[in-house]
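**Student:** Below you will find the structure I want to go over with you.
The values are calculated or read from the model by the stated rules, or taken from the named source; none is laboratory data. These numbers come from a predicted model, not from an experiment. In this analysis, Cβ positions are derived from the backbone assuming ideal geometry, glycine residues included, and neighbour counts consider all displayed protein chains.
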Amino acid sequence: MGRYHFVFPRWSNLLLPAIIVFALTAPPYVVFMVAWGFSPKTTDVGYMPTQPVPFSHAVHAGELGIDCRYCHNTVEYTAMAAIPPTQTCMNCHLQVHPDSVKLKPLFESYETGMPVEWIKVHDLPDYAYFNHAAHVNRGVSCVECHGRIDTMEVVHQVEPLSMKWCLDCHREPQPHLRDPDLVTQLEWGWAMTDAERIAEGTKWAEINQLQPSQDCSTCHR
Amino acid sequence: MSSGPKRQSDFLLWKLPRGFFYVAILMTCAALIPPALIIRARSTPRDSRRIHLIQNMDNQPKYKGQQQNILFRDNRAMRQPVPGTVARSQMVGDTHFHLGTVDGSYATTYPSQVTVDMDLLKRGQERFGIYCLPCHGAIGEGDGPVHNRAMMLLNLAPSVSNGTTWVQPKNLREEAIASQSVGQLFFTISNGKNNMAGYAAQIPVADRWAIVAYVQALQVAGDASNESVPGADSLPEHRIVMDEDVTEAEVDEDKEGNGS
């Protein structure tokens, strides 16, 4: 018996095309999966935490038609649209549903003075400084960032709130502007065509002389 | 018999060891898992906060509004003013403007900071729509959507209404309120009355005066005669059709129909 000679079997000719196909598909696959999977549209949109009280915006803002600013009354004056204090709920709920089990955390808060620990849904990174008053008073409606809150039983995030998404609007705000008096009318403009909507936005950009800043320091300071 | 080996070499793929097929099938299946997870994440709402692989200083060790600070017993990062102190914007030196009282009794005039004009009334109308309309209704007759909802709840079983009690909000146009001074209206908006809570925390002082002006406008407008409206004669005739009128009209029509 002579020395063992290794001879590649004939099927090994297939390895080269196989390796080429793999090398061509794997990197784009990984790049696409990372870009798609780690996009804020995947990671952030759809965040719908269970709050301590099952508060329904669909009932309060939608059915009853209570203005956003009845509860989030700081939105026109400060950077933050505050979650209302327990007292605001109790304006009505001392009399309406006073024995409700669902509202128990609310009544406990009213008695003890401890806050109801609400979970923040729309949470920007700590290095981004967003100012609600600056936007709302210039005719950017709640709905542009928060969606149709007045139809949501449980609030969830509908926009990515990413930097690209912010800049898209700062570069071309016309489709997102309206009469500042109508910012809390979330259903406004729903039936408009795109052309009508942009015409309306262009009008209000001119009236209010809006030129959204795109400097880094506008949001990062 | 030379055709035997030739036939075997016809299709090289079937010559591959079986292990290659298993690996290829496994890898294809594995490659489908990430897109399946991504599609699921994109199409369904979820309760959990996103996984923060790269922190990027997204959450910094500092406190922003309404955040939690466990150093304090109530877990609030935001603190109440120290007892006995007054924030700069909350000084109540001028009782006429801030409290609606002059020398311990309700003011009968608007404070000097407030100019009653169309702008103030329009501001008042808007603020009334936000803070008063839910209970008092669009024209202040005590029939707002919250009132209607509460009345509906009263008709339901106690297990559904959870002990709801409700007193109809005041008709702001009735004599007892129309006769009140502006100071008293302002005081009621600020501090509440009976079942109504005070709105001093929700509505800034100047806006409360605007609401007072608008409530007075509602009271005047409700009982206004045509003579008090300039150019009322030239306005198109407008008749509010009440349900009763409709039924009467329908009844009349029916009668006429029967007669002929």
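**Student:** What are the residue pairs meeting all of these: first residue in the range B:74-85, first residue more than 14 Å from chain A (Cβ to nearest Cβ), second residue assigned to a loop (DSSP other than H, G, I, E, B), Cβ atoms under 8 Å, and 6 or more apart or on different chains?
**Tutor:** Cβ pairs passing all conditions: B:Pro81/B:Ala87.
**Student:** So for the range B:98-116 (the condition being under 26 Å from the mean Cα position of the chain (by Cα), closer than 12 Å to B:Tyr214 by Cα and among the aliphatic types (A, V, I, L, M)), does at least one residue qualify?
**Tutor:** no
**Student:** Something else about it: Does B:Arg50 satisfy the criteria of being farther than 30 Å from A:Tyr110 by Cα, at pLDDT below 90 and surrounded by 10 or more Cβ atoms within 10 Å (Cβ to Cβ)? Lay out the reasoning, then the answer.
**Tutor:** Values: farther than 30 Å from A:Tyr110 by Cα: yes; at pLDDT below 90: yes; surrounded by 10 or more Cβ atoms within 10 Å (Cβ to Cβ): yes.
For B:Arg50, the condition - farther than 30 Å from A:Tyr110 by Cα, at pLDDT below 90 and surrounded by 10 or more Cβ atoms within 10 Å (Cβ to Cβ) - is met.
**Student:** Tell me which residues, restricted to the range A:162-178, are assigned to a loop (DSSP other than H, G, I, E, B) and crowded, with 20+ Cβ neighbours inside 10 Å.
**Tutor:** Passing the criteria: A:Pro173, A:Arg178.
**Student:** Now a separate question. Name the residue, out of A:Glu187, A:Glu144, that is at pLDDT below 95, touching a helix residue (DSSP H, G or I) at 6+ places or on another chain (Cβ under 9 Å) and either under 29 Å from A:Pro49 (Cα atoms) or surrounded by 20 or more Cβ atoms within 10 Å (Cβ to Cβ) (or both).
**Tutor:** On the way: A:Glu144 fails: at pLDDT below 95.
Criteria check complete, one pass: A:Glu187.
**Student:** Let me ask you something else. Looking at B:His52 and the list (1) within 11 Å of chain A (Cβ to nearest Cβ); (2) more than 27 Å from B:Ala200 (Cβ to Cβ); (3) not in a loop (DSSP other than H, G, I, E, B), which single condition is not satisfied?
**Tutor:** Just one mismatch for B:His52, condition (3).
**Student:** Do you know which residues across the range B:231-248 are exposed (fewer than 10 other Cβ atoms within 10 Å of the Cβ) and either modelled with pLDDT of 75 or more or not in a loop (DSSP other than H, G, I, E, B) (or both)?
**Tutor:** To start, the set of residues in the range B:231-248 that are exposed (fewer than 10 other Cβ atoms within 10 Å of the Cβ) comprises B:231, B:233-244.
If the condition is that a residue be exposed (fewer than 10 other Cβ atoms within 10 Å of the Cβ) and either modelled with pLDDT of 75 or more or not in a loop (DSSP other than H, G, I, E, B) (or both), then B:Asp233, B:Ser234, B:Asp243, B:Glu244 are the ones that fit.
**Student:** Taking B:Leu99 as meeting all but one of (1) farther than 30 Å from B:Phe186 by Cα; (2) surrounded by 10 or more Cβ atoms within 10 Å (Cβ to Cβ); (3) more than 11 Å from every other protein chain (Cβ to nearest Cβ), write down the number of the exception.
**Tutor:** Unmet for B:Leu99, out of (1) farther than 30 Å from B:Phe186 by Cα; (2) surrounded by 10 or more Cβ atoms within 10 Å (Cβ to Cβ); (3) more than 11 Å from every other protein chain (Cβ to nearest Cβ): (1).
**Student:** So is A:Val154 part of a loop (DSSP other than H, G, I, E, B), in the same structural domain as A:Gly65 (by TED's automatic domain parsing) and at pLDDT 95 or above or not? If you could, list the steps in order and put the result at the bottom.
**Tutor:** Working: part of a loop (DSSP other than H, G, I, E, B): yes; in the same structural domain as A:Gly65 (by TED's automatic domain parsing): yes; at pLDDT 95 or above: yes.
So A:Val154 passes the test.
**Student:** So, one more: Please pick out the residue among A:Ala81, A:Ala128 that is crowded, with 18+ Cβ neighbours inside 10 Å and part of a loop (DSSP other than H, G, I, E, B).
**Tutor:** Working: A:Ala128 fails: crowded, with 18+ Cβ neighbours inside 10 Å.
Going through A:Ala81, A:Ala128 in turn, just one is crowded, with 18+ Cβ neighbours inside 10 Å and part of a loop (DSSP other than H, G, I, E, B): A:Ala81.
**Student:** Here is a follow-up. Does B:Tyr106 fit the bill of being within 11 Å of chain A (Cβ to nearest Cβ), aromatic (Phe, Trp, Tyr) and on the phi < 0 side of the Ramachandran plot? I'd like the intermediate steps shown before the answer.
**Tutor:** Working: within 11 Å of chain A (Cβ to nearest Cβ): no; aromatic (Phe, Trp, Tyr): yes; on the phi < 0 side of the Ramachandran plot: yes.
It is false that B:Tyr106 is within 11 Å of chain A (Cβ to nearest Cβ), aromatic (Phe, Trp, Tyr) and on the phi < 0 side of the Ramachandran plot.
**Student:** Then there's this: Considering only residues that are farther than 15 Å from A:Val136 by Cα and not in a loop (DSSP other than H, G, I, E, B), which ones fall in the range A:179-206?
**Tutor:** Those that are farther than 15 Å from A:Val136 by Cα and not in a loop (DSSP other than H, G, I, E, B): A:Asp194, A:Ala195, A:Glu196, A:Arg197, A:Ile198, A:Ala199, A:Glu200, A:Thr202, A:Lys203, A:Glu206.
**Student:** Next question. Quick test of your reading of the structure: B:Phe186 fulfils all but one of (1) under 26 Å from A:Ala81 (Cβ atoms); (2) at pLDDT 95 or above. Name the failing condition by number.
**Tutor:** (1) is the only condition that B:Phe186 fails.
**Student:** Right, another one. State the number of residues belonging to the range A:91-118 that are buried (at least 16 other Cβ atoms within 10 Å of the Cβ) and either at the interface with chain B (Cβ under 7 Å from one of its Cβ atoms) or under 22 Å from A:Trp188 (Cα atoms) (or both).
**Tutor:** 7
**Student:** Could I ask something else about it? How about the range B:27-47: which of its residues are within 7 Å of chain A (Cβ to nearest Cβ), β-branched (Val, Ile, Thr) and surrounded by fewer than 13 Cβ atoms within 10 Å (Cβ to Cβ)?
**Tutor:** B:Thr44
**Student:** So is A:Val53 β-branched (Val, Ile, Thr) and away from chain B (no Cβ under 11 Å) or not? Step through it out loud before you land on a result.
**Tutor:** Details: β-branched (Val, Ile, Thr): yes; away from chain B (no Cβ under 11 Å): yes.
Considered against the rule, which asks whether it is β-branched (Val, Ile, Thr) and away from chain B (no Cβ under 11 Å), A:Val53 comes out as yes.
**Student:** Does any residue of the range A:105-118 turn out to be under 30 Å from A:Pro212 (Cα atoms) and in a loop (DSSP other than H, G, I, E, B)?
**Tutor:** no
**Student:** Looking at (1) away from chain B (no Cβ under 13 Å); (2) of a type in the set (A, V, I, L, M); (3) within 30 Å of B:Pro134 (Cα to Cα), which one does A:Val7 not meet, given that it meets all the others?
**Tutor:** Among (1) away from chain B (no Cβ under 13 Å); (2) of a type in the set (A, V, I, L, M); (3) within 30 Å of B:Pro134 (Cα to Cα), the lone unmet condition for A:Val7 is (3).
**Student:** Take the conditions outside any loop (DSSP other than H, G, I, E, B) and under 23 Å from A:Tyr77 (Cβ atoms) and apply them to B:Gly93. Does it pass?
**Tutor:** On the way: outside any loop (DSSP other than H, G, I, E, B): no; under 23 Å from A:Tyr77 (Cβ atoms): yes.
Against the criterion (outside any loop (DSSP other than H, G, I, E, B) and under 23 Å from A:Tyr77 (Cβ atoms)), B:Gly93 does not qualify.
**Student:** Shifting gears a bit: Exactly one of (1) in contact with a strand residue (DSSP E or B) (Cβ under 8 Å, 6 or more places away or on another chain); (2) hydroxyl-bearing (Ser, Thr, Tyr); (3) within 13 Å of chain A (Cβ to nearest Cβ) is unmet by B:Ser181. Its number?
**Tutor:** (3)
**Student:** Can you give me the number of residues within the range A:56-78 that are assigned to a helix (DSSP H, G or I) and either in contact with a strand residue (DSSP E or B) (Cβ under 7 Å, 6 or more places away or on another chain) or at the interface with another protein chain (Cβ under 10 Å from one of its Cβ atoms) (or both)? Give the steps one after another, and end with the answer.
**Tutor:** Filtering the range A:56-78 for residues assigned to a helix (DSSP H, G or I) gives A:57-63, A:68-71.
Then drop every residue that is not either in contact with a strand residue (DSSP E or B) (Cβ under 7 Å, 6 or more places away or on another chain) or at the interface with another protein chain (Cβ under 10 Å from one of its Cβ atoms) (or both), which leaves A:59-60, A:63, A:68-71.
Residues meeting the conditions: 7.
**Student:** In the range B:132-148, which residues are crowded, with 19+ Cβ neighbours inside 10 Å, within 11 Å of chain A (Cβ to nearest Cβ) and free of Cβ contacts under 8 Å to residues at least 60 places away in the same chain? Steps first, please.
**Tutor:** Step one: list which residues in the range B:132-148 are crowded, with 19+ Cβ neighbours inside 10 Å, which gives B:132-137, B:140, B:144, B:146-147.
If we keep only those that are within 11 Å of chain A (Cβ to nearest Cβ) too, we end up with B:132-135, B:144, B:146-147.
Correct list: B:Leu133, B:Pro134, B:Gly144, B:Val146, B:His147.
**Student:** Just need a number here: residues in the range B:179-208 that are farther than 26 Å from A:Gln95 by Cα, part of a helix (DSSP H, G or I) and either more than 23 Å from the chain's Cα centre (by Cα) or basic (Lys, Arg) (or both).
**Tutor:** 2
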